[in-house]
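The values are calculated or read from the model by the stated rules, or taken from the named source; none is laboratory data. Computed from a predicted structure; not experimentally measured. Here the Cβ positions follow ideal geometry from the backbone for every residue, glycine too, while neighbour counts run over all protein chains shown. All accessible areas refer to the heavy atoms of the entire protein, side chains included, with ligands and DNA or RNA removed. Shrake-Rupley method; radii C 1.70, N 1.55, O 1.52, S 1.80 Å.
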Amino acid sequence: MTYYAKRTDANHKDIMAAFRSAGATVLDLSRQGMGCPDLLISYQGSMALVEIKTDPKKKFTPQQELFMTCWQAPVHRVETSEQAENLVKSMKRSPT
């Protein structure tokens with residue numbers, strides 16, 4: 001078992017760029033391995049874990065499934081730049 005991810009998905013850089021363009025701060029976790037999601041994003045005081053996949057047919061690895069079962073926060077699946085932008089929009093704070 002390896003502790004480091006060997007590669008990232010082909011759309012990894014584009015999705016990171018989409019999050020940044022939408023105003024989010026992005027921390028790339030892809031080298032963590034062990035089922036850890038690919039990204040931690042932050043926007044207006046909220047954070048989200050993100051697993052990047054290239055298409056809807058791509059399945060989570062057993063380690064990713066275990067992480068998502070054990071971690072006490074949702075992991076968002078993102079396949080496109082549009083989905084990244086929509087996730088950031090959903091994180092916007094409501095006016096008080």
For the chain, report the accessible area per residue in Å² (1.4 Å probe, heavy atoms, rounded to an integer).
67 Å²
The chain - mean residue ellipticity at 222 nm from DSSP helices (-39,500 (n - 2.57) per run, n ≥ 4, rounded to 500):
-9000 deg cm²/dmol
Result row for the chain, helices from DSSP H with C-alpha axial extent 30 Å or more and mean Kyte hydropathy at least 1.0, is none
Would you list, by chain and number, the aspartates and glutamates whose Cα falls below 14 Å from the Cα of residue 57, excluding same-chain residues fewer than 8 positions away?
9, 79
Non-local amide H neighbours of residue 11 (under 5 Å, H modeled in plane, Pro and chain starts lacking H): which ones?
none
Whenever you get a sec, compute what percent of the accessible area on the chain sits on carbon and sulfur atoms (1.4 Å probe).
53 percent
Report the antiparallel proportion of the DSSP beta bridges in the chain as a percent, rounded to a multiple of 5.
70 percent
By the scheme Lys and Arg +1, Asp and Glu -1, what is the net charge of all other residues having a beta-carbon under 14 Å from that of residue 43?
+3
Expressed in nm to one decimal, what extension gain is obtained for the pair residue 42 and residue 61 from 0.36 nm per residue of sequence separation less their Cα-Cα distance?
4.4 nm
